[in-house]
Amino acid sequence: MENLINDLKDKSLQLRSRFLENRLVLYGAASIYVLLWFLFSDFLTSLWVAVGVGLGWLAGQAGKLDAP
């Protein structure tokens, strides 16, 4: 049982690293998630979440510019 858990952990870490290395898959998954969010949620809530995420992204970009 312990070997099975360790194998699953190793496989999931490999999958995670491959997922994060491939930008096209990463952006594709994020796009599909956002599209499904818009289709199955209230539009006004989605709009506020999009504005909040955009502001958070801008704040993160500004923080990168200030870093030495």
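Brief remarks on what is shown
- Unmet criterion (only one of (1) among the small types (Gly, Ala, Ser); (2) over 13 Å from the mean Cα position of the chain (by Cα); (3) within 28 Å of residue 54 (Cα to Cα)) for residue 31: (2)
- The selection criterion, being part of a helix (DSSP H, G or I) and at pLDDT 80 or above, does not hold for residue 20.
- Hits in the stretch 43-55 (condition: modelled with pLDDT of 80 or more and surrounded by 10 or more Cβ atoms within 10 Å (Cβ to Cβ)): 45, 47, 48, 49, 50, 51, 52, 53, 54, 55
The values are calculated or read from the model by the stated rules, or taken from the named source; none is laboratory data. Please read these numbers as outputs of a predicted model, since none were measured by experiment. Methodologically, a virtual Cβ is constructed for each residue, glycine included, from the backbone with ideal geometry; neighbour enumeration extends over all protein chains shown.
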